[in-house]
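I have placed the structure first, in the form of structure tokens, so that the comments after it can refer back to it.
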Amino acid sequence: MNHVAALPGCSSEQSAQGQRPVLRERGQREVFCGLTGIVWLHRKMQDAFFLVVGSRTCAHLLQSAAGVMIFAEPRFATAIMEERDLAGMVDAQDELDRVVSRLLARRPDIKTLFLVGSCPSEVIKLDLAKAAERLGTRYMPDVRILNYSGSGIETTFTQGEDTCLTALVPEMPQLGEDAPRNLLIVGSLPDIVEDQFLRLFDQLGIENVASLPARNARDLPSVGPNTRYLLAQPFLAETAMALEDRGAVRLEAMFPFGADGTTDWLKAAAREFGVDEQLFNRVIAPGRERAKRAMDHARSELEGKRISFLPDSQLEVPLARFLSTEMGMVPVEVGTPYLHRAHLAGDLALISDKARISEGQHVDRQLDRVREDRPDLTVCGLGLANPLEAEGLTTKWAIELVFSPIHGFDQAGDLAELFARPLRRRDRLEV
Ligand code: SF4
């Protein structure tokens, strides 16, 4: 868990352009650090290895979050910094070189090695960018060595993916101005979901579609002024900026959750690539219908129920949009660690003005508001769920939403079900 010292205060902000008010809070946070992203990133990039330069705490966090790796050759590890490293009694760069050379000698399957910064490496100001550059010259072209920060001082939970993908962007091959247009799906998706989207784009006749990250970290897609990209995850602000610096243009869309969100997301690409409207409707109709039918199973349990989100995964705004416009839930508070207004504009516009939008965290105040609001369901981090349950509130772990396949038409029913399950459990306990 990442506990950041309090900067007391909160403020309510309404912009000059008449945007909806946002309650901004600064205080103690209760979220995982960015190292957690390694759990899904190492499954996605199958030739990559994540070497955390950190403490035993970091190793424990990863081990317990990833849990299931006992029988496999792991693709992440922690180079544990001992007291003498922290006290500056040894040259940590030399130690790191030794660890990396042992690792690469033993694991020739590693093609991309990420050196991942943590709180301890940051505190002693261990320069991992320098280390990656030095080691990179030694091991290229066999192994690409990159670095990013997953430290709890700099990153929350899903931000680890953002810093990781940002590190990949400069490595992407550059496309010239005369290159044909290409489409990038940006954000790590389970392979099965990525395949569904690729099939749909193929049926729509959109060519040159690739994903960032790719399944093999070495197969980086190309980027240039004719690149259009769709964000699949709402927590990739830095990655988006890095791509735009390379000339890519973001397609504005809602995030692909539920029947409507997925339709809007696909439509943004179809519009940009000039897909005929009839063809579009014909291609998406079966998936859209399947999604609607699957969502119907949970509708009666969700309709009219009040829901609050505590800031955690940055998925809060698009999920609140999905639950309110497609499942009839009533968002009471939608808290998110960061509110990227431009990326979330489509979803945000559809959330009722009566819902309170908050950005940042002051955990005590937020818990007080949850106690006062008494929503039917509160989506929050693991550490907050048990105390709230003990007070008679029904909760859903935000982390489950990150670890489950929830994007696209064929996952819409499962997504709705994730919210219906705790309500059903509560009803059974009350009988
Ligand atoms: S990076 Fe920091 S917050 Fe994350 S596990 Fe390590 S010490 Fe804890």
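The values are calculated or read from the model by the stated rules, or taken from the named source; none is laboratory data. Keep in mind it's a predicted model, so treat the numbers as computed, not measured. A quick note on method: Cβ atoms are made from the backbone with ideal geometry, for glycine too, and the neighbour counts reach across all protein chains shown.
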Q | In the stretch 347-368, the residues that are under 19 Å from the mean Cα position of the chain (by Cα) and in a helix (DSSP H, G or I) | A | ASP347, LEU348
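Per-residue answers, yes or no, for (1) assigned to a loop (DSSP other than H, G, I, E, B); (2) free of Cβ contacts under 8 Å to residues at least 40 places away in the same chain; (3) of a type outside the set (S, T, N, Q); (4) outside the structural domain of ALA253 (by TED's automatic domain parsing):
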| position | (1), (2), (3), (4) |
| --- | --- |
| VAL370 | no, no, yes, yes |
| GLU389 | no, yes, yes, yes |
| ILE399 | no, no, yes, yes |
| VAL402 | no, no, yes, yes |
| HIS407 | yes, no, yes, yes |
| LEU415 | no, no, yes, yes |
| PHE419 | no, no, yes, yes |
| LEU423 | no, no, yes, yes |
Q | Filtered residues of the stretch 155-194 (kept if touching a helix residue (DSSP H, G or I) at 6+ places or on another chain (Cβ under 7 Å) and part of a loop (DSSP other than H, G, I, E, B)) | A | THR155, PHE157, THR158, SER188
Q: Keeping to the stretch 348-366, report how many residues are modelled with pLDDT of 95 or more and closer than 13 Å to GLU30 by Cβ.
A: 0
Q | Subset of the stretch 377-387 [in a helix (DSSP H, G or I) and over 21 Å from the mean Cα position of the chain (by Cα)] | A | ASN386, PRO387
(Q) Suppose we filter the stretch 109-159 for residues that are within 16 Å of the ligand (Cβ to nearest atom) and among the charged types (D, E, K, R); how many remain? (A) 3
Q: Determine whether the stretch 198-205 contains at least one residue that is in contact (Cβ under 8 Å) with a residue 24 or more places away in the chain, touching a helix residue (DSSP H, G or I) at 6+ places or on another chain (Cβ under 9 Å) and either within 16 Å of the ligand (Cβ to nearest atom) or farther than 21 Å from VAL283 by Cα (or both).
A: no
**Q.** Filter result for GLU194 (within 16 Å of the ligand (Cβ to nearest atom), within 15 Å of LEU41 (Cβ to Cβ), buried (at least 20 other Cβ atoms within 10 Å of the Cβ) and modelled with pLDDT of 95 or more)
**A.** no
Q: Could you check, for the stretch 262-270, whether at least one of its residues is in contact with a Pro (Cβ under 6 Å, 6 or more places away or on another chain) and in a loop (DSSP other than H, G, I, E, B)?
A: no
Q. Can you name every residue in the stretch 202-220 that is assigned to a loop (DSSP other than H, G, I, E, B) and under 24 Å from VAL402 (Cα atoms)?
A. PRO213, ALA214, ARG215, ASN216, ALA217, LEU220
Q | the stretch 47-65 - residue that is under 24 Å from ARG215 (Cβ atoms) and more than 10 Å from the ligand (Cβ to nearest atom) and, of those, surrounded by the fewest Cβ atoms within 10 Å (Cβ to Cβ) | A | ASP47
